[in-house]
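The block underneath contains the structure these notes are about, expressed in structure tokens.
The values are calculated or read from the model by the stated rules, or taken from the named source; none is laboratory data. All figures in this text were calculated on a predicted structure; none of them were measured in a lab. Neighbour counts run over all protein chains shown; Cβ positions are idealised from the backbone, glycine included.
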Amino acid sequence: MRYLFFTNTPAHVHLYKHAIGRLAARGDDVLVLARDYTCTVDLLEWYDLPYEVYGSCDTSKGSLLSRLPAHYARAIRLARRYDPDLIFGMGGYAAHTGAVVRTPTVLLIDSEPASFDHTISTPFARAILTPNTFRKNLGEHHYVFPGFKECAYLHPDTYEPNPEVRGELGLESDERFALLRLNAFGSQHDVGKHGLTGADRRRIVERLAEDVTVLVSDESGEADLEGLPARRFDLHPALMHDALAEASLLVADTQTMVTEAALLGTPAIRSNSFVGDDDMGNFVALENQGLIHNVAEADAILERVEELLADDTVEDTWQRRRDEFLAGTANLTEIIVDVANVRGRVEEVESVRQFGRRPDHEPAQSVGIGGD
């Protein structure tokens, strides 16, 4: 069998890396078509995955839109040359390439706000897989799995934290630190959205630095840290999850790293303009489980920082909540491999169910912040 995977962002590399390794190890042909965006190619190189670059863009929305025609042309040309039996991806690139080269495509989607991308991509997919927290019906070929896309690489079956990352960060074994993650808001689904402003960033860093060492991970690379008691996260991006597992706290205006923190048992505060009544289902579920805080204003961030850093029981509490939550999730890598085995006929995979159908077993009860 020949499998083609699209990785448009660094998160997509993590999503598929273990499945690609499993399929290759058993003798199947695998190829990644990658967009050279932030550290996507760096991760592919780090994990020694076979790839071709179909295009590049920076973190501005205009950069992506202006290059779409060239991206599609090269992706289709590379796919035709490779001649896959099945394509995996997360949106339009994969779905449209599959339609042109007449190859079945499986889309793995986890962001409800990306309505335009859903409209133009899902009609061309053999199947769509989403987390069971996804709150939008994507049609008759929509199937759900228990957990999040991050369960493909942070599920306990696939990931073991490496505390030696502290040494590489120049931290003592007992030194508390916080990560501040800043989003570039350069994706199609980020249009009209925003995160933390420069003034709010400064307030947050100064408050965090009163109690912990502050490391900043800035997707755009343009955040002004001059004069602030913080330093940049300057290790290879493949080591970010080890650092996140060791952190005392994550403050972020991004999405993926907040879910990653929750699955690692690290308290996380998320603040951006997605937060609100129409927020994504995964972040609602994680807040209900007591693993993250979703807040809209910087003042609320500072209040949560105050509470979390002053609580000596946080580490034990979050690890227990994380373990309880993960007990009801699946190793998504196993599901991806199962889907590959049946050439995308997801209805044949026992570990997923069609959207809207009740699960055979009720999930574990969630807990609120005050429910311990």
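Structure values in brief
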quantity: Some residue of the stretch 103-118 being outside any strand (DSSP E or B), surrounded by 15 or more Cβ atoms within 10 Å (Cβ to Cβ), assigned by TED's automatic domain parsing to the domain that holds residue 339 and over 20 Å from the mean Cα position of the chain (by Cα); calculated: yes
quantity: Elements of type strands (runs of 3 or more DSSP E) in the stretch 1-99, at least 3 residues being without any contact (Cβ under 8 Å) to a residue 40 or more places away in the chain and touching a strand residue (DSSP E or B) at 6+ places or on another chain (Cβ under 9 Å); calculated: 29-36, 51-56
quantity: Inter-residue pairs, beta-carbon under 8 Å, first closer than 9 Å to residue 178 by Cα and in the same structural domain as residue 178 (by TED's automatic domain parsing) and in the stretch 201-225, second buried (at least 17 other Cβ atoms within 10 Å of the Cβ) and at pLDDT below 85, 6+ apart; calculated: 216/223
quantity: Selected residue [touching a Lys or Arg at 6+ places or on another chain (Cβ under 6 Å) and at pLDDT below 95] from 221, 281, 227, 265; calculated: 281
quantity: Residue 178 vs. criteria assigned by TED's automatic domain parsing to the domain that holds residue 284, in contact with a helix residue (DSSP H, G or I) (Cβ under 7 Å, 6 or more places away or on another chain) and not β-branched (Val, Ile, Thr); calculated: yes
quantity: Odd one out for residue 164 among (1) at pLDDT 95 or above; (2) under 23 Å from residue 238 (Cβ atoms); (3) in contact with a helix residue (DSSP H, G or I) (Cβ under 7 Å, 6 or more places away or on another chain); calculated: (3)
quantity: Residue in the stretch 313-333 that is in contact with a Leu (Cβ under 7 Å, 6 or more places away or on another chain), modelled with pLDDT under 95 and assigned by TED's automatic domain parsing to the domain that holds residue 176 present; calculated: no
quantity: Single residue of 307, 287 found to be modelled with pLDDT of 95 or more and touching a strand residue (DSSP E or B) at 6+ places or on another chain (Cβ under 8 Å); calculated: 287
quantity: Hits in the stretch 159-185 - residues which are under 14 Å from residue 231 (Cβ atoms), acidic (Asp, Glu) and either without any contact (Cβ under 8 Å) to a residue 40 or more places away in the chain or part of a strand (DSSP E or B) (or both); calculated: 175
quantity: Yes/no for residue 290 being buried (at least 20 other Cβ atoms within 10 Å of the Cβ), farther than 19 Å from residue 134 by Cα and either in contact (Cβ under 8 Å) with a residue 60 or more places away in the chain or of a type in the set (S, T, N, Q) (or both); calculated: no
quantity: Residue in the stretch 140-187 that is surrounded by the most Cβ atoms within 10 Å (Cβ to Cβ), counting only those that are within 20 Å of residue 252 (Cα to Cα) and of a type in the set (S, T, N, Q); calculated: 183
quantity: Filter result for residue 121 (more than 22 Å from residue 338 (Cα to Cα), touching a helix residue (DSSP H, G or I) at 6+ places or on another chain (Cβ under 7 Å) and part of a loop (DSSP other than H, G, I, E, B)); calculated: no
quantity: Number of the condition not met by residue 58 [criteria: (1) crowded, with 18+ Cβ neighbours inside 10 Å; (2) at pLDDT below 95]; calculated: (1)
quantity: Identity of the residue in the stretch 267-287, in contact with a Phe, Trp or Tyr (Cβ under 7 Å, 6 or more places away or on another chain) and crowded, with 21+ Cβ neighbours inside 10 Å, that ends up nearest to residue 161 (Cα to Cα); calculated: 267
